[in-house]
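One structure below.
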Amino acid sequence: MKYYHSTTRGITGIAADQVTFARSAQPAVINTRIEPAYGAENLLAVYSTAPGQRGVGFLAAFKAGALHTACMKLRLGSASAIRLEVHGQATRMHKAVVTIASDGSVLSQAEEVNGVEIDLCADGTMDIRMSFVPFRSLVEWFYVFAVEERCEPENETDEVLFSIGAFRLLANPAPLKFRSMAHASASIGGGVIVACQNLVVLRNYIHVQFEIHKPGAKLAGLDLISVHPVAHAQWWTWSPPLTRMRGTPASPDAVRLKAQKPSAPVPSPALIDVLGFDFAHEGHAITLLFADLLDFSRMNVEESDKVCQIEILAHFDDGSSHAIDVLRQLANTSDEDPWIPLVERHLESVTLLKNESMPFLEAGARGTASVQMRRLVSASGWRYLGLDILAHENVDIVGDAHRMGPGVADGSVAAVYSSEVMEHLVSPIDFIRECNRVLAEGGLFIARVPTIWPLHAEPWDFWRISQHGWQGLLNRGTGFEIIDVCEFGQASVVPSSPVWSGASRMTQDPAPLLSGVIARKIGQPLSSHWSTDVAFGHYDHA
């Protein structure tokens, strides 16, 4: 299970031991041509050749979670402004974009830009440094586009749109704080590096994305073994083997896969982590159709889980083979649930409140997870207090989380915790106000709630909260400040009737399963919790 912190807002600067991840110094042209700029050393002049977006692109290597700074020298010509843009595949919201005027002023700065620094030079050029944090590790494009006021020319012109100097992309090698949820780590065994990034099951269709590499050998072929009979299977790789394997699979249940090159490379973030960006396009995917249209609604859990039992047997040109049990590999390379370590880390910040009279209160204390939470916090020296609307062996107070009542006095609690509970509360805002009442000044509100999850416990299932939704609930109006927000897990949204424009692309868009928040009580609630300035960023319907 992968997650990322979203607390990178405001980070600026590059460490002294900065690392350069630039892939190419010579830009690619986009409706333009480039020539050495007249009378300007080390600058390239960019001329328009066709209407449309005009500019240049630099192929660069992006490291998920590391603060990057794009550095370049620019001088505007006929263009009234310049737009710097990280290609959308590298970022979460496709909003690492800055527009800069010829006088060095920033006309616009999108939400995924951490900072922009511009120095005006005596020769009329601008030294520009734009900082951002990529969401994915991959090789992608950084664009520099001209922005013009007048109508676009129909033909090539002799006017210089802008001139550009050397492009550098610097990455801070500090520990990762922000990365894609679809970024499993690699495991190394028997001299083979393996990672499974996902396993998607949709009725009788399965998609597996994985990475495998053996130093000193090349991948020669793949066999697939499935519990259910397979009607068709296809192996996708950017570098298919030059010769097809001969013979038949060793197992009678195995399917020999034929390699095919897709229209775009399959990402390999785990290999990037281990071997570097020369292995950025070494990912693999397998798509298969079962011979039967499976009806999961008629299966029990054990039967449906067997559908996911896929084994891949990789053969190398040195005569060796390596088996990948996909489910086991996903389990082995997925991090342990990071939620509990995160909670523990923040609880350490309120140790001054830890005493017999200041408990750790869990709202919604029934269930196995709550029993484990009692053991965990008790072992850390906290007094655990379980509250739930129904009686249970782990429940100390039977009551309503919206109104905990006299059993929980004002300012008597060090931390209020709930996990997958708030979606079942009729009024989350009333629950948060009640938490403010019972929390001591500086006490913590800690909660995790589904973001993408099927309806459950109906009809008592009311809410879903994204990582951005917490700011509308926890703010100065309700007496809180947010100190950490995270997401957990990943999903693919698959509409059964994709009749809306763009619905066919929903499976590729971010769909975290859960969001979590840690907030600190800073005061009493105001008469109204709502204010239009509690939200960060700007609305963008796209």
*When Arg75 is evaluated against the numbered criteria (1) assigned to a loop (DSSP other than H, G, I, E, B); (2) at negative phi; (3) over 25 Å from the mean Cα position of the chain (by Cα); (4) not hydroxyl-bearing (Ser, Thr, Tyr), which criterion, by number, is the only one it fails?*
(1)
*Could you tell me whether segment 93-114 includes any residue that is assigned to a strand (DSSP E or B), in contact (Cβ under 8 Å) with a residue 60 or more places away in the chain, out of contact with any helix residue (DSSP H, G or I) (no Cβ under 9 Å at 6 or more places or on another chain) and under 24 Å from Phe135 (Cβ atoms)?*
yes
*Among the candidates Ala323, Ala369, Ala331, which residue alone is part of a strand (DSSP E or B), of a type in the set (Gly, Ala, Ser) and within 30 Å of Gln197 (Cα to Cα)?*
Ala323
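In this structure, does Thr451 turn out to be closer than 30 Å to Ala184 by Cα and in contact (Cβ under 8 Å) with a residue 24 or more places away in the chain?
yes
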*Options Gly381, Gly367: the member that is touching a residue at least 12 places away in the same chain (Cβ under 8 Å), at positive phi and exposed (fewer than 14 other Cβ atoms within 10 Å of the Cβ)*: Gly381
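Residue-by-condition table, conditions (1) modelled with pLDDT of 90 or more; (2) aromatic (Phe, Trp, Tyr); (3) surrounded by 19 or more Cβ atoms within 10 Å (Cβ to Cβ); (4) within 30 Å of Gly276 (Cα to Cα):
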| position | (1), (2), (3), (4) |
| --- | --- |
| Thr32 | yes, no, yes, no |
| Gly65 | no, no, yes, yes |
| Gly77 | yes, no, no, no |
| Ala81 | yes, no, yes, no |
| Thr91 | no, no, yes, yes |
| Ala101 | yes, no, no, no |
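Go through Leu474, Leu455, Leu526 for me and flag whichever is surrounded by 14 or more Cβ atoms within 10 Å (Cβ to Cβ) and either of a type in the set (Asp, Glu) or closer than 26 Å to Leu387 by Cβ (or both).
Going through Leu474, Leu455, Leu526 in turn, the sole match is Leu474.
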*What is the residue count in segment 145-178 for residues that are modelled with pLDDT of 65 or more and over 30 Å from Pro51 (Cα atoms)?*
5
*Condition test on Glu481, is it out of contact with any Leu (no Cβ under 9 Å at 6 or more places or on another chain), surrounded by fewer than 22 Cβ atoms within 10 Å (Cβ to Cβ) and either within 23 Å of Pro359 (Cβ to Cβ) or in contact (Cβ under 8 Å) with a residue 40 or more places away in the chain (or both)?*
no
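Determine, yes or no, whether Thr32 is within 35 Å of the chain's Cα centre (by Cα), polar (S, T, N, Q) and in the same structural domain as Leu107 (by TED's automatic domain parsing).
Spelling it out, Thr32 is indeed within 35 Å of the chain's Cα centre (by Cα), polar (S, T, N, Q) and in the same structural domain as Leu107 (by TED's automatic domain parsing).
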_When you check Ser263 against the structure, is it among the small types (Gly, Ala, Ser), over 31 Å from the mean Cα position of the chain (by Cα) and surrounded by fewer than 17 Cβ atoms within 10 Å (Cβ to Cβ), yes or no?_
no
_Any residue at all in segment 129-141 that's in contact with a strand residue (DSSP E or B) (Cβ under 7 Å, 6 or more places away or on another chain), farther than 19 Å from Phe167 by Cβ and either polar (S, T, N, Q) or not assigned by TED's automatic domain parsing to the domain that holds Ser78 (or both)?_
yes
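The values are calculated or read from the model by the stated rules, or taken from the named source; none is laboratory data. Just so you know, these numbers come straight off a predicted model, no measurement behind them. Don't worry about glycine lacking a Cβ; one is built from the backbone with ideal geometry, like all the others, and counts go over all protein chains shown.
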